[in-house]
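> Take a look at the following structure, please.
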Amino acid sequence: MKSENKLLGAGVLTAITASLCCITPVLALIAGTSGIASTFSWIEPFRPYLIGLTVLVLGFAWYQKLKPKKEIDCQCETDEKPKFIQSKTFLGIVTVFAVVMLAFPYYSGIFYTNTEKQIIVVDKSDIKTVQFKINGMTCTGCEEHVNHEVYKLDGIINSKASYENGNATIEFDQAKTNEMEIEKAINSTGYKVTDKKEIY
């Protein structure tokens, strides 16, 4: 039974580790320490292997739980009820928790409040669009974190971060903010601006 508990522990641990790179930005936002957001982004390349390991571990645990038990010819009392931690219910709870953790990158955006503001543009010639190349983003949670920090600045008209492209395209009013302030806001998340170019 100890080996079964270790299996369940390993399944939960690998599920959490697989999504750690996306859980950290949300925890950073909640804690108000956005600089640690990119701490576990190095895990992202290993995510498919961790997901596979989670599925294998939990699959094996379910196989162990559901396989028919060998009948032993014995007159002893064997009708004792298994402890909750050894029950199918507990294994089901662990499996659901693991699935929720593995799916975290796909719904992490709900934790970021909409910080977009209505901007009144006085002079259209002050509007500028700059694309910032960003290192370290690995999922939609990272995108949301960058957008969230950028929208805190005055004069931001639009911010679209993309982890797939490794950039953020930001439209802003130069009379109210500038590239340096935007870069500082992005860098405060823990992801780093490596390059920028103006888009016409």
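The values are calculated or read from the model by the stated rules, or taken from the named source; none is laboratory data. Since the model is a prediction, treat every value here as computed from it, not as a measurement. Quick reminder, even Gly has a Cβ in these numbers, built from the backbone with ideal geometry, and neighbours come from all protein chains shown.
> Regarding the range 172-181, can at least one residue be identified that is buried (at least 23 other Cβ atoms within 10 Å of the Cβ), closer than 19 Å to Phe104 by Cα and among the hydrophobic types (A, V, I, L, M, F, W, C)? Before you say what the answer is, go through the steps one by one.
First pass over the range 172-181, keeping only residues buried (at least 23 other Cβ atoms within 10 Å of the Cβ): 172.
Subsequent filtering for residues that are closer than 19 Å to Phe104 by Cα retains none.
No, that holds for no residue.
> Which helices (runs of 4 or more DSSP H) does the range 36-121 wholly contain that include 3 or more residues that are at pLDDT 70 or above and among the hydroxyl-bearing types (Ser, Thr, Tyr)? Before you say what the answer is, go through the steps one by one.
Details: elements: 47-66, 88-102, 104-107.
The helices (runs of 4 or more DSSP H) meeting that bar are 47-66.
> Which one of these does Ala161 not meet: (1) at pLDDT below 90; (2) under 20 Å from Thr194 (Cβ atoms)?
Of everything listed in (1) at pLDDT below 90; (2) under 20 Å from Thr194 (Cβ atoms), Ala161 misses just condition (1).
> Please enumerate the residues belonging to the range 141-183 that are basic (Lys, Arg) and closer than 17 Å to Lys128 by Cα.
Kept after step one, since they are basic (Lys, Arg), are these residues of the range 141-183: 152, 160, 176.
Correct list: Lys160, Lys176.
> Does the range 154-200 hold any residues that are aromatic (Phe, Trp, Tyr) and closer than 16 Å to Lys124 by Cα, and which are they?
Looking only at the range 154-200, we keep the residues that are aromatic (Phe, Trp, Tyr), and these are 163, 172, 191, 200.
Phe172, Tyr200, listed by residue number.
> Same structure again: Working carefully through the options Lys128, Lys184, Lys176, Lys160, find the one that is out of contact with any Lys or Arg (no Cβ under 9 Å at 6 or more places or on another chain), outside the structural domain of Met101 (by TED's automatic domain parsing) and part of a helix (DSSP H, G or I).
Numbers: Lys128 fails: part of a helix (DSSP H, G or I); Lys176 fails: part of a helix (DSSP H, G or I); Lys160 fails: part of a helix (DSSP H, G or I).
Testing whether each residue is out of contact with any Lys or Arg (no Cβ under 9 Å at 6 or more places or on another chain), outside the structural domain of Met101 (by TED's automatic domain parsing) and part of a helix (DSSP H, G or I) leaves just Lys184.
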